[in-house]
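Readers should treat all values here as calculations from the given coordinates under stated rules, not as data from a laboratory. It should be emphasised that the depicted structure is a prediction, and the values quoted were computed from it without experimental measurement. Note that each Cβ is placed from the backbone with ideal geometry, even for glycine, and that neighbours are counted across all protein chains shown.
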Amino acid sequence: MTKKYCTYEQQIVLKDYFNHIIAQGKSKSPHSIRNQISNLALFSKDIGKPYSLITIKDLNNYIAGQVRNCKFNTVNTRKDIIKRFFEWFERPEVVEHIVIKPMEDNKLRKEDLLSKMDVRNMVAACCSEIYKLDLNCDYNAIVDTGIRDKTIIMTIYELGCRRSEVSFINIKDLEDKDTHFLVTVRGKTGERTLPLVETMPYLRELLKTHPYRFDTDAPLFISVKNNEWGRRLLAHGINSVIKKASKRANISKRVYPHLFRHTRATYLSFVKKWTERELRLWFGWTATSYMPNRYVHFAQQEVNKKYVKELGIFDEAEEKKNEAEDKILNIKKCDNCGHKNSATATYCDCGYPLDIKEFTKHRKTISETDELMNELFSDNEFKELVKEFLKKRVNRKEE
């Protein structure tokens, strides 16, 4: 990104600053460092001046533009990055007036979160598009963006992980345990290993044709864009996948990668009743992080529901609806062969239908076919035609 947006002189300065951040050792996450440099590269492009000539007025104009177009917390983060950079660049006088305010706790309403049906619809909306990669290898190097995008959506939902954590999963980070996968993700607070169950069928399908499946150091999710062909799918690529799927699924609410994290944290906290310690371990929050408190404002609603339910006052229809939705992303096990299929699969690989609607349709087709065959073979004229046909086949083989 620095080459794309910065002059040669700016690139040299940013490289020195990058080395300074690494040497300090304060940032544990490579993504965090990358994010700082990316923000500075975009800042450099917008300002269009050498760092030594940037004035207070230039900075004020830039920040004012950010305030008009971005959310408070985003602006605050960018101000902090710029301020620390100029202090390192030994020009503290141009940033001493910049005030970094405490981050706002942007409370989400429950209706802003994704339902399991929303996630299912997004997965179902991912269209299969095949791209062939020229890798000069002995096997077919193809990328099906349909299964790639389905796997991304299911992974980011089931793990509730950060966008960068999904992007930086490598093939070696996966361990197939037969009933599920174990995946190691790396975030701000180090690495953690988590199970993937509902995502397993999509993941297996993706790995079958992954062009780098024999290279354990290769990224799990790769780009098919011309200028990024075969490279790791980065943050902007994950954004694009999510936006496109939500649009195709006709979801009216604002959908973005971090919404999956909010959704999953709320679900595990208030539906599955996970403890604060369990949530911190799963989501990679430190012992001092305030993040679990973000979901406390949903607690009052849940307490109210629990109270009236204990008194025997509850909506039975709503309870059944909630129970049904809770299973909507569950793996479908084939009654015929036992194969574990994805939640959105209609038929198993063996051809057996996986849901009641399709099973009924399947049985009806079989019944109608049997009825038609019985009717045909009860007709003497048809039987004679079949005999004649078989006789000709036998004679042809003997010749």
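Worth pointing out:
- Of the residues Thr288, Thr155, Thr263, Thr145, the one with the fewest other Cβ atoms within 10 Å heads the list, and the complete ranking is Thr288, Thr145, Thr263, Thr155.
- All C-alpha pair distances within the range 1-101, sorted into 10 Å bins from zero, spread as 14, 51, 33, 2 percent across the bins.
- For the listed residue pairs Lys132/Lys208; Lys172/Lys208; Lys150/Lys247; Lys15/Lys225, the alpha carbons are over 24 angstrom apart in Lys15/Lys225.
- Spin-label pair Glu319-Ser115: with each label point 7 Å from Cα along the Cα-Cβ axis, the two points sit 2.0 nm from one another.
- Using a Förster distance of 30 Å, the FRET efficiency for Leu207-Glu302 (Cβ separation, nearest 0.05): 0.20
- Environment charge at Asp178 (Cβ cut-off 12 Å; Lys +1, Arg +1, Asp -1, Glu -1): +1
- The residue list Ile82, Trp274, Ala345 was ranked by how far each Cα lies along the charge dipole of the chain toward its positive end, using unit charges on Cβ atoms, and Ile82 comes out on top.
- Shape analysis of the chain based on the Cα gyration tensor places the equivalent ellipsoid semi-axes at 52, 30, 18 Å, largest first.
- Rounded to two decimals, the Cα-based Rg/Rh of the range 110-300, with Kirkwood Rh, is 0.97.
- Axis of helix 299-310 versus longest Cα principal axis of the chain: the two differ by about 40°, to the nearest ten degrees.
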